[in-house]
Each structure stands twice: as structure tokens, then as C-alpha cells.
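For reference, the structure discussed in these notes is given below.
Bear in mind these aren't lab numbers, they're just calculated from the coordinates by the rules spelled out. If you're wondering where the values come from, they're calculated on a predicted model, not measured in any experiment. Cβ placement follows ideal geometry from the backbone for every residue including glycine, while neighbour counts extend to all protein chains displayed.
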Amino acid sequence: MSSFALMIQGAPYSSGAALSAFRFCEAALAGGHEIYRLFFYQDGVHNASALCVPPQDEFHLPQAWQQLIRQHKLDAVVCVASALKRGITDSGEAARYQLPAANLMAEFTIGGLGVWMDAMAKADRVLNFAP
Amino acid sequence: MTLHVINKTDAALWQLLLNAVMPADAVLLIEDAVYAALPGYPLVTALLATYPALQFHVLADDLAARGISAKIRSGFACVTCSEFVALTIDHARVVNWH
């Protein structure tokens, strides 16, 4: 069994990056491997929005992440700086900046690049899925 | 041994890959880079001219999504997502080119 740290830098539907990362994550888990951490960076933070409503005949990637993270109890972190400047926030940051709403799915947490550094140091393999 | 994962056919990006690759490495084509698996793509030809034994793998889902599964260069290995995972473990390092 190996452990993986995955960085996701692509927004859902904008490029193939996020879907590639999702498929890789699914396959690694199916193979009995560990996902040490998912780190959503730059435009990748849009994968964690609770407000995405794709057409019914399209794959709902944010919801698929949500289910995979919940099912396997994955550590899914959204970069705080990337998220806040793109309008992705949890209730804590929303309160701090007096924002009218929060939209981060409950399965994700907000964190800094330090937790990505930790993942790079600890995981057996590091993959970066970017546009 | 390094696994180079590349996701587009951008010529400048491929030039960087060409400069970085070592003879015992492997290349995995994903997303739009699967088009480079079609016969005659010049930068693949250049890579193979420099390193004839270089292993090329192509992600099956991305080939199928573009309708070119049956058209890839001979000698290129079509891989599933679980084989992608295995490739990352079989190689000491993974470099993502994007």
C-alpha cells in the first residue's frame, strides 16, 4: 500500500485537471492505497463549492468529491488564500470578513500551504493535477 | 526512474520534457496530450529518436473520450486509471508537466 498527496489546481468543467484527479483518487482507493491528503489550490478551490448546479445530464464533480471524501473519510483541504479571493469560504472565514454567506462543503476544511508541505513530506507519491 | 505525466500537446512544454527526460524514464499522456499518441506527432518522433527505448503510456479514458483509441502509434501502451496508479508506484518520482 502506498500513500498519495494530490494537488488539484483545476476548476470543475474548465479543464480536465479536476476530473483526472478525481479518477486517479478513485482508482487509488479502489486499489487499497491511502490518500494522505487532497489539497485544492488556485482555481481548484471551486471543486469545494456547495453552490454548483451542473445540468442534470452532466457529471456533478463537486458532489462526487463530496461523496468520495465522506465515504473514505479523506483529508480534503482548500487553500485559504486561493479560496477567499475566489469567493469560496467556510462559516468561520465568512464571520471574520463579515461576508453575507458561506459556501464551502462541510467535507472540506480551509488550510494553508503548510499542510501541503506536510503532505509532500509524508506521502509516498505527490501528484499535481493542473490545467 | 521518473514517470513524466503530460496533459497537453503544447510544443514549448514538450521541449521542456525533451530536455528533462532520461533514457530509463516513462511518459504518460493524459487529457489533450493523448493526441500526441497519434502517429507522426513530431515531438514524440524527436523523443524516440533520442531515446528509442523510452516507454510511452496513454490513458485509455482520455483516448476514448476523443474517439482515437484505435489510432495510436504501435508500441504505445493503453492504460486504465488503476494502471496509472500502479505506474506512479513503480517509478521513484512523478513529474506533472502542464
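Once all Cα-Cα distances of the protein assembly as shown are split into 10 Å bins that start at 0, what whole-number percent is in each one?
8, 32, 33, 19, 7, 1, 0
Between residue A:91 and residue A:60, with labels modelled 7 Å along Cα→Cβ, what's the label distance in nm to one decimal, could you check?
Spacing of the two 7 Å Cα→Cβ label points: 2.2 nm.
Name the residues whose placed amide hydrogens come within less than 5 Å of the amide hydrogen of residue A:110, ignoring near sequence neighbours (fewer than 5 apart) on the same chain.
Amide H neighbours of residue A:110: A:78.
Restricting attention to the range A:3-107, which GluC sites (Glu not before Pro) occupy a DSSP loop and are surrounded by at most 15 other Cβ atoms within 10 Å? Walk me through the numbers on the way to the answer.
On the way: sites: A:26, A:34, A:58, A:93, A:107; in loops: A:58, A:107.
Filter output for the range A:3-107: A:58.
Given H placed on each backbone N at 1.01 Å, which residues far from residue B:5 in sequence or on other chains put an amide H within less than 5 Å of it?
B:28, B:95, B:96, B:97
Rank these for me by crowding, B:91, A:60, A:33, going from fewest to most other beta carbons within 10 Å. Mind showing how you got there, number by number?
On the way: B:91 18, A:60 15, A:33 21.
Fewest-to-most Cβ neighbours within 10 Å comes out as A:60, B:91, A:33.
With just the Cα atoms defining each centre, how far is the range B:7-46 from the range A:88-131? Give it in Å.
32
Rank-order B:73-84, B:26-37 by packing density, defined as the average count of other C-beta atoms within 10 Å over each peptide's residues, highest first.
B:26-37, B:73-84
Could you give each residue of the range B:61-68 its phi-based ³J(HN,Hα) in whole Hz, using Karplus coefficients 6.51, -1.76, 1.60 with θ = phi - 60°, and x for Gly or Pro?
Along the range B:61-68, the couplings run 4, 6, 5, 5, 4, 9, x, 10 Hz.
I need the Kirkwood Rh of the range B:2-97: take the reciprocal of the average 1/r across all distinct C-alpha pairs and report it in angstrom.
Details: mean 1/r = 0.0762 Å⁻¹.
Hydrodynamic radius (Kirkwood, Cα pairs) of the range B:2-97 is 13.1 Å.
Starting from the amide H of residue B:79, placed 1.01 Å from N in the peptide plane, find each other amide H under 5 Å away whose residue is 5 or more places distant or on another chain.
For residue B:79, the qualifying residues are B:58, B:59, B:60.
Hey, quick one: spin label on residue A:81, modelled 7 Å out along Cα-Cβ, who in the range A:96-131 has an amide N within reach, i.e. under 18 Å?
Counting backbone N atoms under 18 Å from the label point, the list is A:110-120.
Determine the shielding of peptide B:26-33 by partner chains: average, over its residues, the number of Cβ atoms on other chains within 10 angstrom of each Cβ.
That works out to 2 on average.
For the protein assembly as shown, what is the mean residue ellipticity at 222 nm derived from helices alone (per DSSP H run of n ≥ 4: -39500 (n - 2.57); sum divided by total residues; nearest 500 deg cm²/dmol)?
It comes out at -10500 deg cm²/dmol, rounded to the nearest 500.
HN-Hα J couplings of the range B:4-9 from phi, Karplus 6.51/-1.76/1.60, θ = phi - 60°, integer Hz, Gly and Pro as x?
Coupling constants for the range B:4-9: 9, 9, 10, 10, 8, 9 Hz.
Which whole-number percent gives the relative contact order of the range A:3-129, counting Cα pairs below 8 Å spaced six or more residues apart?
Values: 214 pairs, mean separation 43.9, N = 127.
After rounding, I find 35 percent.
From zero outward in steps of 5 Å, how is the percent of C-alpha pairs of the range A:33-96 spread across the bins?
4, 17, 24, 24, 19, 10, 3, 0
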